[in-house]
Amino acid sequence: MSEREAVIEARNLLTRFGSRVILDRISFDVYRGEILAVIGPSGCGKTTLLRNLTGLLLPQEGEIRFWGEEITRLDEEERSGILRRIGISFQSSALFNSMSAAENVGLPMEEYGRMDKDLIAALVRMKLSLVGLGNYGYFMPAELSGGMKKRVGFARAVAMDPEIVFFDEPTTGLDPITAAGLDQLVLELRRLLNCTMVVVTHDLRSIHTIADRVLMLDRGKIIFDGIVAEAEGSSQPRLRQFFERRPDEAIEELDFDAAGRPGGG
């Protein structure tokens with residue numbers, strides 16, 4: 001079997017805010033065509049890692065290579081050229097409320113594509129159709145449900161046919177049926193676009209449905225890197241706690257006052 005091709009290589013990433021270390025010299029690869037789920041408890045560094053990988057926040061130390069090119073040493077214009085080959089779907093969808101669904105999806109095409117308006121309009125309709133919203137282009141974000149906003153965010157993320165797509169908590173805040181539909185959409189987009197995906201999530205159903213591999217962070221370190229079946233069978237305490245949905249002992253031992261607020265015990 002031929003060796004897998006790494007499209008992202010992260011080495012010794014160190015990110016801190018003041019004296020607080022968020023990512024503590026972590027290293028890993030992302031392989032072509034896979035869906036990598038980045039998991040872990042709240043505050044473990046998942047979103048910070050995503051911001052590092054997408055160029056929204058550069059690490060203080062370490063290297064990030066896309067297709068062999070180290071992006072942290074590039075100037076802004078050079079880095080932009082690399083980042084045009086990726087798409088990002090944000091947790092809150094990050095749609096502009098003053099713009100229609102179609103206008104939101106068309107933004108990357110207008111910024112990077114240098115296309116005429118008729119071609120952009122046709123491509124936007126195609127991208128919205130891809131996520132099941134072909135007839136909703138004229139809707140404003142306020143007129144869309146939470147799941148529909150997520151789909152518009154997906155359409156914008158794949159507007160430029162990216163080679164790598166990043167998703168930040170794609171099913172957070174959604175009912176199980178809507179979330180399951182988005183999981184299937186993620187798989188379908190991967191199949192149709194033949195792209196690589198990195199998904200930050202804490203949704204166990206999503207992890208089982210979409211993930212080829214799991215990367216678990218805890219206290220700024222990588223504590224697991226492997227397939228879902230290995231994660232579930234692992235004896236690593238934090239990993240078992242995550243998959244068994246058990247609270248921290250410190251939380252279980254908190255005292256609560258009559259109003260339901262944590263006490264000082």
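The values are calculated or read from the model by the stated rules, or taken from the named source; none is laboratory data. Because the structure is a prediction, the values reported are computed rather than measured. FYI the Cβ positions are ideal-geometry reconstructions off the backbone, even for glycines, and counts take in every protein chain you see.
Quick check on my filter: what residues within the stretch 155-171 are under 11 Å from the mean Cα position of the chain (by Cα) and part of a helix (DSSP H, G or I)?
A157
Considering only the stretch 4-21, I want to know if a residue exists there that is touching a Ser or Thr at 6+ places or on another chain (Cβ under 9 Å), of a type outside the set (F, W, Y) and without any contact (Cβ under 8 Å) to a residue 40 or more places away in the chain.
No; the residues of the stretch 4-21 include none that is touching a Ser or Thr at 6+ places or on another chain (Cβ under 9 Å), of a type outside the set (F, W, Y) and without any contact (Cβ under 8 Å) to a residue 40 or more places away in the chain.
Checking each residue in the stretch 229-242 for being touching a helix residue (DSSP H, G or I) at 6+ places or on another chain (Cβ under 7 Å) and surrounded by 19 or more Cβ atoms within 10 Å (Cβ to Cβ) picks out A231, L239.
Considering only residues in the stretch 130-146 that are surrounded by 17 or more Cβ atoms within 10 Å (Cβ to Cβ) and outside any loop (DSSP other than H, G, I, E, B), the one that is farthest from the chain's Cα centre (by Cα) turns out to be P141.
Restricting attention to the stretch 80-129, the residues being crowded, with 16+ Cβ neighbours inside 10 Å and aromatic (F, W, Y) number 1. Contact annotation: residue pairs with Cβ atoms under 8 Å, 6 or more positions apart or on different chains, pairing a residue in the stretch 36-54 that is farther than 26 Å from A229 by Cβ with a partner that is in a helix (DSSP H, G or I), are T54/L83.
So, restricting to helices (runs of 4 or more DSSP H) that lie completely within the stretch 1-116, which ones have at least 3 residues that are farther than 30 Å from R246 by Cβ, under 21 Å from the mean Cα position of the chain (by Cα) and at pLDDT below 90?
76-83
Is the stretch 172-179 home to any residue that is hydrophobic (A, V, I, L, M, F, W, C), closer than 12 Å to A37 by Cα and within 16 Å of the chain's Cα centre (by Cα)? No, the stretch 172-179 contains no residue that is hydrophobic (A, V, I, L, M, F, W, C), closer than 12 Å to A37 by Cα and within 16 Å of the chain's Cα centre (by Cα). Taking the numbered list (1) at pLDDT 95 or above; (2) outside any helix (DSSP H, G or I); (3) β-branched (V, I, T) in turn, V152 passes all entries but (2).
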